[in-house]
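Novice: My questions all concern the structure below.
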Amino acid sequence: MCIKVLVVDDELDMQQLIRSQFRRKIKKKEYDFSFASSGSGALDILEARPEQDIILLDINMPGMSGLELLEHIKERQLVLKTIMVTAYENMSNIRAAMNGGAFDFVTKPIDFTDLVITIQKAYAELSQLREGKAALIQLPLTEKELAETDQKAKHLAELDQLKSRFFTNISHEFRTPLTVIRGMTHQLLENPLRWAHRGGPLILRNTDNLLNLVNQILELRKLESGNLQLDLVQGDLIFYTRYLTESFHSMAASKQISLHFESTTEQLMMDFDPEKLMRVISNLLSNAIKFTPEEGRIKVSISVQDSEAYPQPSAVLNVSDTGIGIPEEELPKIFDRFYQADSSDTREGEGTGIGLALSKELVQLMGGSIQVHSTAGAGSNFQILLPITRTGSPIDIEQEKPLAPPVLPVAKSDVEENILAPAPPGELPRLLIVEDNSDVVEYLSAVLEDKYALLLARDGQEGIEIALDQIPDLIITDVMMPRKDGYEVCEILKSDERSSHIPVVMLTAKADHDSKIHGLRKGADAYLPKPFDKEELFVRLEQLLKLRQKIQARYAHGQLSALTPRDEFQQEDLFIQKIRQAVEEHLSDPEFHVPELCRYIGMSRSSLHRKVSALTGDSTTMLMRRIRVEKAYQLLKETDYTIAEIGYMVGFGDPRYFNRTFGKVYGHSPGEVRKQ
Ligand code: ADP
């Protein structure tokens with residue numbers, strides 16, 4: 001077999017590097033490389049020698065980019081596989097390439113072992129594809145074969161979709177802890193004394209999360225290539241499982257979930273691999289906690305199955321919860337790699353969909369099996385059967401320090417109240433943070449608490465409720481959250497009269513262009529991808545507050561009645577018009593005050609007050625007076641009514657009070673205006 005690879009890269013070093021790395025393989029005729037330094041050069045080679053197997057394609061090239069070349073290759077319908085070469089952080093391009101039909105990607109600097117494995121994988125798939133095609137040409141397929149091919153194609157398409165979702169998820173999973181780590185490190189560098197206590201544990205927890213994620217991915221890969229060894233020891237399974245369960249107590253307690261351990265026997269000496277079992281149980285328990293609402297129950301139990309109906313005595317380990325459960329049609333798929341039963345932006349908790357796939361493989365490696373029983377809405381039960389054997393070297397698992405679970409349970413932030421840092425009202429702008437990840441909340445409050453009075457909502461639904469109740473000055477919202485996602489939060493608040501004026505900043509780990517456009521379409525005023533820069537966040541927030549001053553200037557000066565319509569202020573103008581209309585309809589009624597206006601508009605006194613003062617910088621009472629006085633000004637100019645009459649006509653019972661208010665608004669008395 002000689003694999004023909006076309007390398008397309010504008011960096012000329014690449015040619016040298018490949019030739020030296022593959023020297024032996026080229027000599028043995030296992031590989032045959034051609035090189036092109038641009039997209040058009042590559043097309044020329046393909047024209048002359050279309051029998052290439054693999055194209056190794058750099059995404060970033062001047063002239064025709066790798067993505068464009070990929071399109072051209074697709075159009076030519078060549079049977080080959082493309083592997084993209086890219087910088088790791090270039091996730092959106094990677095996704096675009098995968099969606100555009102690339103087989104896989106490798107990152108720069110190139111790990112050549114990884115490259116060889118990737119090329120071989122691609123070649124294996126290509127050979128299958130070619131065999132399939134050849135068969136297709138040689139023999140007409142039977143109906144059964146056709147159905148099978150169809151099924152296979154469907155499966156491949158599904159796998160492709162899962163893979164692409166995996167990339168989005170994995171980038172989310174990396175970006176969130178990175179935001180916290182990066183941000184908190186900056187805080188620490190700026191003021192070590194102030195932040196060491198709060199920042200240290202936060203950074204540690206998030207690095208552990210990242211490490212765990214990387215380990216899971218590597219382990220899955222090792223399993224795939226058959227390189228994961230089993231390290232069996234003989235120990236007490238009951239003690240070890242109880243110990244593992246206990247380390248999840250504080251995580252469960254942070255959601256007021258009760259976590260119990262039960263066993264039918266005191267001790268069960270048998271073979272198991274402590275590290276692999278720890279991974280499996282940690283996965284099941286962190287899932288159970290993640291997918292069980294507050295005040296739920298989780299039970300871990302062990303029993304022994306020793307009846308004759310079974311070929312071998314087995315330990316039966318159950319992890320059951322009273323959580324959200326899994327719909328029946330999803331059950332067969334949840335052990336698939338990258339699969340998540342709920343892939344929406346509102347799903348509970350974060351994740352990558354590799355936990356259960358890994359658990360299943362690890363259990364199988366230990367000679368056991370794993371099953372799930374679950375009903376949507378009524379909780380889940382994961383059951384593991386492990387054959388009882390006693391061949392490993394006995395250890396005293398109580399004495400030898402057992403392995404700690406990899407995920408330090410995510411502590412909920414200390415902040416239990418919705419109000420994070422109550423600041424004296426009126427002094428600091430009020431900012432609502434809508435975010436379900438406590439560590440991100442902790443970090444955001446650390447950087448914002450000196451500048452803003454903070455409010456907190458832990459999911460989208462709560463965010464909407466608090467926003468409508470409190471009418472904050474600014475909102476920062478995450479995108480992926482339980483109950484309502486960030487897009488919905490934005491859409492609902494922007495279309496509600498009470499909150500439409502509040503600027504919304506979306507913070508998200510979905511850094512791709514489409515998400516940004518989507519966010520902005522839903523009315524977000526700014527969109528910051530994680531990990532974001534603190535200064536950038538400050539600037540955005542300040543800009544948005546400045547925009548508010550611009551709006552205030554619009555309604556504070558000049559005649560409210562003579563506003564030139566502007567698209568950007570359309571909604572707010574309508575709101576001010578509505579108040580004006582209400583007051584004008586009750587112009588001569590001196591009893592039409594704020595409570596009557598609230599009833600007319602259909603808003604509570606405090607919501608109306610907050611909205612009016614955000615828009616105009618005035619209180620509602622003052623705004624109503626301004627509208628009355630404006631009308632008086634017009635009447636003074638256009639009619640012959642006496643000043644006292646006009647005062648009564650616009651709802652002032654007392655002429656002296658009318659004079660004073662008029663003077664305050666216009667800087668002249670009504671008499672002076674009349675004389676002009
Ligand atoms: P992740 O948790 O990273 O999404 P897993 O492979 O661990 O990935 O789980 C796959 C999917 O199975 C989850 O996304 C979830 O939809 C479902 N799932 C797993 N455990 C539970 C559980 N205890 N209750 C409800 N759903 C669960």
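Novice: I'm told residue 356 meets every condition in (1) within 11 Å of the ligand (Cβ to nearest atom); (2) touching a residue at least 60 places away in the same chain (Cβ under 8 Å); (3) outside any helix (DSSP H, G or I) except one. Can you identify the failing condition by its number?
Specialist: (3) is the only condition that residue 356 fails.
Novice: Another question about this same structure. Mind listing whichever residues of the stretch 177-194 are surrounded by fewer than 20 Cβ atoms within 10 Å (Cβ to Cβ) and in contact (Cβ under 8 Å) with a residue 60 or more places away in the chain?
Specialist: The answer is 178, 182, 186.
Novice: Sticking with this structure for a sec: Regarding residue 13, is this residue modelled with pLDDT under 90 and either surrounded by fewer than 18 Cβ atoms within 10 Å (Cβ to Cβ) or over 38 Å from the mean Cα position of the chain (by Cα) (or both)?
Specialist: In short, yes.
Novice: Only one of (1) over 15 Å from residue 592 (Cβ atoms); (2) surrounded by 13 or more Cβ atoms within 10 Å (Cβ to Cβ) fails for residue 656. Which number is that?
Specialist: So residue 656 meets the others, but not (2).
Novice: Something else about it: Evaluate the following for residue 674: is it over 15 Å from residue 590 (Cβ atoms) and in contact (Cβ under 8 Å) with a residue 60 or more places away in the chain?
Specialist: no
Novice: Now for a separate question. Among the residues of the stretch 133-153, is there at least one that is within 30 Å of residue 210 (Cα to Cα), more than 16 Å from the ligand (Cβ to nearest atom) and either at pLDDT 70 or above or exposed (fewer than 15 other Cβ atoms within 10 Å of the Cβ) (or both)?
Specialist: No, the stretch 133-153 contains no residue that is within 30 Å of residue 210 (Cα to Cα), more than 16 Å from the ligand (Cβ to nearest atom) and either at pLDDT 70 or above or exposed (fewer than 15 other Cβ atoms within 10 Å of the Cβ) (or both).
Novice: Restricting the search to the stretch 427-443, which residues are part of a strand (DSSP E or B), in contact (Cβ under 8 Å) with a residue 60 or more places away in the chain and of a type in the set (Val, Ile, Thr)?
Specialist: The answer is none; no residue qualifies.
Novice: Every residue in the stretch 453-495 that is buried (at least 24 other Cβ atoms within 10 Å of the Cβ), more than 13 Å from the chain's Cα centre (by Cα) and not hydrophobic (A, V, I, L, M, F, W, C), please.
Specialist: If the condition is that a residue be buried (at least 24 other Cβ atoms within 10 Å of the Cβ), more than 13 Å from the chain's Cα centre (by Cα) and not hydrophobic (A, V, I, L, M, F, W, C), then 463 is the only one that fits.
Novice: Have a look at 46, 12 and point out the one that is in contact with a helix residue (DSSP H, G or I) (Cβ under 8 Å, 6 or more places away or on another chain) and farther than 14 Å from residue 116 by Cα.
Specialist: 46
Novice: Give me the pairs, please: first residue somewhere in the stretch 302-326 and within 26 Å of residue 292 (Cβ to Cβ), second residue anywhere and away from the ligand (no atom under 16 Å from the Cβ) and not hydrophobic (A, V, I, L, M, F, W, C), beta-carbon distance under 7 Å, and either six or more positions apart or on two chains.
Specialist: Within 7 Å, the pairs are 302/241; 302/263; 303/264; 316/303; 316/305; 317/241.
The values are calculated or read from the model by the stated rules, or taken from the named source; none is laboratory data. Being a predicted model, the structure only gives us computed values, none of them experimental. Counting neighbours? That spans all protein chains shown, and the Cβs are built from the backbone with ideal geometry, glycine included.
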